[in-house]
Amino acid sequence: MVDNPRFPHYVKIFRAKTDTNGTPVIDPATGEELFESVFGSQCGMRDMVRGWDIDVEVVKADYKLALPKHNIIIKKGDYLEFTNSITGEVKKGRVEESKIFNLGANIWFNENGNG
């Protein structure tokens, strides 16, 4: 993998597992919903201005990530785990919006507890 200064960090996207009827799958031992990893990518953290972004008019998002262009559909409500490769800090949250553009993609998300 080549280091890209535009995308120095890493993000993983998780989605709740569902059965054939669309019902969430629950772990019988813990009673908690099960999740599966659906996507992972290098990314870069971008600035937000009071939660607004002119690209999609997102009103309520704590963070914006920029990614290389991809073909995975990331859904509002998916969970994510962002790892800052410089500080080692990990942020977990829920996707508020996701858009794919000509040269890349953006994900806006709220940190846990802010959505």
Completion exercise
Candidate cut points under trypsin sites (Lys or Arg not before Pro) in region 1-47, DSSP loop plus at most 12 other Cβ atoms within 10 Å of their own Cβ, are 6
Exercise for the section: Determine the gain in length on full extension of the stretch residue 36-residue 112; use 0.36 nm per residue of separation and subtract their C-alpha separation, reporting nm with one decimal. Expected result: 25.6 nm
Handout entry: Cleavage-rule hits (GluC sites (Glu not before Pro)) in region 9-45: DSSP loop, at most 10 neighbouring Cβ within 10 angstrom
Key = 32
Exercise for the section: Please report 9, 70 as a ranked list, fewest other C-beta atoms within 10 angstrom at the top and most at the bottom. Expected result: 70, 9
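Read the figures in this text as sums done on the coordinates, not as results from a lab. Quantities reported herein were computed from a predicted structural model and do not represent experimental measurements. Please note: Cβ atoms are built from the backbone with ideal geometry, for glycine as well, and neighbour counts cover all protein chains shown.
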